[in-house]
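Undergrad: Below: one structure in structure tokens.
The values are calculated or read from the model by the stated rules, or taken from the named source; none is laboratory data. Predicted model only: the values in this text are computed from it and were never measured. Virtual Cβ from ideal backbone geometry, glycine too; neighbours counted across all protein chains shown. The area values use the complete protein model at the heavy-atom level, side chains included, leaving out ligands, DNA and RNA. Shrake-Rupley method; radii C 1.70, N 1.55, O 1.52, S 1.80 Å.
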Amino acid sequence: MENFSFYAPTYFEFGKGSEEKTGALVKRFGGSKVLIHYGGGSVVRSGLLDRVKASLDKENITYIELGGVMPNPRSGLVYEGIELCRKENVDFILAVGGGSTIDSSKAIAAGAVYDGDFWDFYEGKPVTKALPIGTVLTIAAAGSEGSPDSVITKEEGMIKRGASGEAYRPRFSVLNPELTQTLPPYQTAAGITDIICHLYERYLTNTKNVETTDRMIEGLILAMVNEGPKVIENPNDYDARANIMWAGMMAHNNSCGVGRSQDWMSHNLEHELSALYDCAHGAGLAVAMPAVFTYALNHDVNRFAKIAVRVWGCQMDYDNPERTAKQGIERLRQFLISIGMPKNFEELGAKEEDIEKLAETACYGNGNTSGTIYGFITVKKEDAIAIYKLMV
């Protein structure tokens, strides 16, 4: 295990009716003029937005609103939010929604206190300062409610990039599993897929002797395999929703990733899919993961074989561990298909003729002049092309 520093100070309010404590939490963490940032009409139709505003009113906290966040959140709305925060002297950002809303809120929070273009942070500039952020989570998926990360799509060229910094960790997050019960099955499944991928991205490591975090990751994936089908069959299964919601946070606040190198190849290649085709991020990951893992298999067959045995119930073939490793990847793929995720380019809405463009953007985007993506394996453009072809 490698040396590490880990500090994850987000305060979590978990359980039924917890959104009614939002105002008190904003007050506790110093907010007096709040931007409420949210997406489409679901938080309005469900009454959640009104309940959140009532909790702010109860604490005599003033607020303004900015809705309209889309899946794969766009830079245009971020610029609008930054201008609004400066004009209205906002001192706290409250995200009410899923990962896209939280990611957009983080970008606004950083941009509002920065003299330059917020996109600088999404081209590699460290995020060291931002307005404080709180969240009321409605989708268990991205883990942004507990992470220092954000992903935004730049509308000019439809480029999807991430930024990270401890200033992006929310001061508090409200997690009420009931708020996820009205999600369509497809969104629920996409969220489960994203959670599993966050765990695999950490599991695929070149660091030796990390058994503690290996076991944490394996346990969380097993929980998704167990709880995921329950909510697809019965969306109102509160206990299953609760387990998935907490796993989503644990999968991405990096408690499972400390002391070890990480991968992120599936995410790097998927970002080009959801940027170009505007597909659900989790759906893109369902297509990307098996392809990436198949391509990377021989880099460390035993690591893939270990998770195949421990998570997917495969029998270890000591004479041919590659056979066991491949079985594990196939069982992952079949699980994702069973909960309603796409299995290939066609079902995702992607086009084979775009593969070279996807690979070019993945390898040379974000100012990467080397054309190389580093992770569990090293990928250049020709490797990216080969991986995308495995998704067809």
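Undergrad: Quick one: net charge around T372, please, counting Lys, Arg +1 and Asp, Glu -1 for every other residue with C-beta under 14 Å from its C-beta.
TA: Result for the local shell: -1.
Undergrad: Compute, for H198, the solvent-accessible surface of its heavy atoms (probe 1.4 Å) with the complete set of protein chains present, and express it in square angstrom to the nearest 10.
TA: 10
Undergrad: Shape call for region 1-158 from the C-alpha gyration tensor, a ≥ b ≥ c root eigenvalues: rounded (a/c under 1.5), prolate (a/b greater than b/c) or oblate?
TA: Taking the square roots of the gyration eigenvalues as a ≥ b ≥ c, region 1-158 is rounded.
Undergrad: What does the net charge come to around L66 if you take all other residues with beta carbon closer than 12 Å to its beta carbon, with K and R at +1 and D and E at -1?
TA: Surrounding charge for L66 is -3.
Undergrad: If R86, R74 are ordered by their accessible area, calculated over protein heavy atoms with a 1.4 Å probe, which sequence runs from highest to lowest?
TA: Accessible-area ranking of R86, R74, largest first: R86, R74.
Undergrad: With all protein chains present, calculate the accessible area of E123 using a 1.4 Å probe and round the result to the nearest 10 Å².
TA: Rounded to the nearest 10, that gives 100 Å².
Undergrad: What shape does region 45-92 have by the C-alpha gyration tensor, where a ≥ b ≥ c are the square roots of the eigenvalues, rounded means a/c under 1.5, and otherwise prolate means a/b greater than b/c and oblate the rest?
TA: Oblate, since a/c reaches 1.5 and b/c is not below a/b.
Undergrad: Expressed as a rounded percentage, what relative contact order does region 171-325 have, with Cα pairs under 8 Å and six or more residues apart?
TA: Taking the mean separation of contacting Cα pairs over the length of region 171-325, I get 27 percent.
Undergrad: Given Cβ point charges of +1 (Lys, Arg) and -1 (Asp, Glu) and nothing else, what value in debye, to the nearest 20, does the dipole of region 318-362 about its Cα centre take?
TA: Dipole magnitude for region 318-362 comes out near 320 debye.
Undergrad: Among L94, L348, L199, which one shows the highest mean-square fluctuation when the chain is modelled as a Gaussian network with alpha-carbon springs under 10 Å?
TA: Among L94, L348, L199, the largest GNM mean-square fluctuation belongs to L348.
Undergrad: Next question. Of L332, S105, M265, whose Cα points farthest to the positive end of the dipole of the chain (charges on the beta-carbon: +1 Lys, Arg; -1 Asp, Glu; origin at the Cα centre)?
TA: The Cα lying farthest towards the positive end belongs to S105.
Undergrad: In addition: Might you work out the accessible area of E353 for me, using a 1.4 Å probe with all protein chains in place, and round it to the nearest 10 Å²?
TA: 140
Undergrad: Taking a probe of 1.4 Å, how large is the accessible area per residue of region 111-155, in Å²?
TA: Ligands and nucleic acids excluded, the figure is 33 Å² per residue.
Undergrad: Additional query: Return the lysines within reach of K357: Cα separation strictly under 26 angstrom, same-chain partners fewer than 8 residues apart disregarded; answer none if there are no such residues.
TA: Candidates past the 8-residue exclusion: K125, K154, K160, K343, K380, K381, K389.
Undergrad: Now for a separate question. Leaving ligands, DNA and RNA out of it, rank Y7, Y38, Y318 by accessible area with a 1.4 Å probe, largest first.
TA: So, going from the largest accessible area down, we get Y318, Y7, Y38.
Undergrad: Here's another thing I want to ask about it. Expressed as cubic angstrom per residue, what is the convex hull volume of the alpha carbon set of the chain?
TA: Per-residue hull volume (Cα only) is 125 Å³.
Undergrad: With every protein chain present, what is the per residue accessible area of region 225-325 (1.4 Å probe, Å²)?
TA: About 36 Å² of surface per residue is accessible.
Undergrad: Under unit Cβ charges (Lys, Arg +1; Asp, Glu -1), what dipole magnitude, rounded to 20 debye, does region 62-213 have relative to its Cα centre?
TA: I would put it at about 260 debye.
Undergrad: If one computes P(r) from the Cα atoms of region 277-347, what percent of pairs lie at distances over 21 Å?
TA: 28
Undergrad: Hey, any idea what % of region 334-392's accessible area is carbon plus sulfur with a 1.4 Å probe?
TA: 46
Undergrad: Given an 8 Å cut-off on Cα distances and at least 6 residues of separation, report the relative contact order of region 54-194 as a percent.
TA: Reported relative contact order: 24 percent.
Undergrad: Continuing with the same structure: Using a/c under 1.5 as the rounded threshold, could you call region 329-392 rounded, prolate or oblate? The axes a ≥ b ≥ c are square roots of the C-alpha gyration tensor eigenvalues, and prolate needs a/b larger than b/c, oblate otherwise.
TA: prolate
Undergrad: Continuing with the same structure: How many percent of the accessible area of region 165-208 is carbon or sulfur, using a 1.4 Å probe?
TA: Carbon and sulfur together cover 55 percent of it.
Undergrad: Specify the angular offset, from 0 to 90 degrees and rounded to the nearest 10, of the alpha carbon long axis of helix 75-88 from the longest principal axis of the alpha carbons in the chain.
TA: Computed tilt is about 30 degrees.
Undergrad: Find out how many positive minus negative residues lie around D149, taking Lys and Arg as positive, Asp and Glu as negative, among other residues whose Cβ is under 12 Å from that of D149.
TA: -1
Undergrad: Counting only helical runs of four or more DSSP H residues, what would the 222 nm mean residue ellipticity of the chain come to if each run contributes -39,500 (n - 2.57) and the total is spread over all its residues?
TA: -15000 deg cm²/dmol
Undergrad: Assuming R0 = 56 Å, what is the FRET efficiency of V392 and D57, from their Cβ-Cβ distance, to the nearest 0.05?
TA: 0.55
Undergrad: Compute the angle between helix 301-310 and the longest alpha-carbon principal axis of the chain, please, reported from 0 to 90 degrees and rounded to the nearest 10.
TA: Roughly 70 degrees, rounded to the nearest 10.
Undergrad: Cα extents of region 101-141 along the three principal axes, largest first, in whole Å?
TA: Taking the Cα atoms of region 101-141, the three principal extents are 32, 19, 14 Å.
Undergrad: Still on this structure, I have one more. Can you send over the carbon and sulfur percentage of the accessible area for region 109-162, probe radius 1.4 Å, protein chains only?
TA: Answer for region 109-162 is 49 percent, counting heavy atoms of protein chains only.
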